[in-house]
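Reading through the structure tokens given below for one structure.
The values are calculated or read from the model by the stated rules, or taken from the named source; none is laboratory data. This is a predicted model, so every value here is computed, not measured. So basically every Cβ, Gly included, is an ideal-geometry build from the backbone, and we count neighbours across all protein chains shown. Please note that ligands, DNA and RNA were not included when accessible areas were found on the heavy atoms of the full protein model with its side chains. Shrake-Rupley method; radii C 1.70, N 1.55, O 1.52, S 1.80 Å.
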Amino acid sequence: MALSQIVTPAIRSWQWARPAGCRQFWGWLNAVFNKVDYERIQDFGPDRAASEWLLRCGAKVRYQGFERWQHDYNGLPTGPLGRYKIQAIDATDSCIMYRGFDYLDGLKHVEEIKLCKCIYIEDACLERLSKIKNLQESLRRMEIVSCGNVTDKGVIALNSLSNLEYLYLSDLPGIKKKEMVTEMLLKANSSLEVKLDLD
């Protein structure tokens with residue numbers, strides 16, 4: 001029997017096993033990144049703790065009064081407690097997930113959130129986000145793009161964000177009834193501009 005006939009099946013089985021193992025490892029690591037440290041929130045304030053969470057997960061933040069996006073965890077600004085208030089969150093390609101959303105509870109100045117290509121964002125995340133009182137008051141703009149686990153149910157939950165002015169929805173295959181979704185959002189907030197790029 002040739003050596004290649006002996007080795008090849010073992011290599012094939014290793015190659016097939018490896019991706020699943022990698023996915024499990026990264027899933028576990030991402031869950032660790034999303035674990036909420038309530039003592040950290042208490043000691044350093046909600047904006048600092050949320051910044052650390054978001055950047056640890058690969059997102060970016062922009063602070064009130066600043067134009068530059070902060071994306072480097074090690075470059076987080078220091079200064080007096082409470083000086084840097086999160087005004088915008090860009091979670092593109094990040095691993096933020098439901099279990100980390102408690103970090104958003106204390107944020108009072110967030111006007112913009114972008115969720116793009118977020119593999120862990122699902123309906124429960126949008127429902128949770130829409131129930132946060134501070135975000136109901138401050139959030140003005142939101143984009144949800146290429147989040148495959150988001151359905152009609154999650155988007156409809158956003159009707160609690162009464163001060164939302166602009167909502168962009170694109171590449172969301174889970175949304176099946178876009179006319180109904182739009183109608184329900186506008187019924188709750190007639191001044192909302194809903195832009196759809198859904199097939």
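May I ask you to verify whether Arg83 is closer than 24 Å to Asn134 by Cβ and at pLDDT 95 or above? So Arg83 fails the test. Restricting the first member to the range 163-178 and to residues that are within 28 Å of Lys108 (Cβ to Cβ), and the second to residues that are assigned to a loop (DSSP other than H, G, I, E, B), the beta-carbon pairs closer than 6 Å and six or more apart or on different chains are Leu164/Leu139; Leu164/Leu192; Glu165/Arg140.
Residue check: Ile96 meets all listed conditions (1) at pLDDT 95 or above; (2) touching a Lys or Arg at 6+ places or on another chain (Cβ under 9 Å) but one, namely (2). Just one residue in the set Gly100, Gly106, Gly45 is out of contact with any helix residue (DSSP H, G or I) (no Cβ under 9 Å at 6 or more places or on another chain), over 22 Å from Tyr168 (Cβ atoms) and not β-branched (Val, Ile, Thr); that residue is Gly45. Residue count for the range 26-69 satisfying the condition of being touching a Lys or Arg at 6+ places or on another chain (Cβ under 6 Å) and open to solvent by 20 Å² or more (accessible area, probe 1.4 Å): 3.
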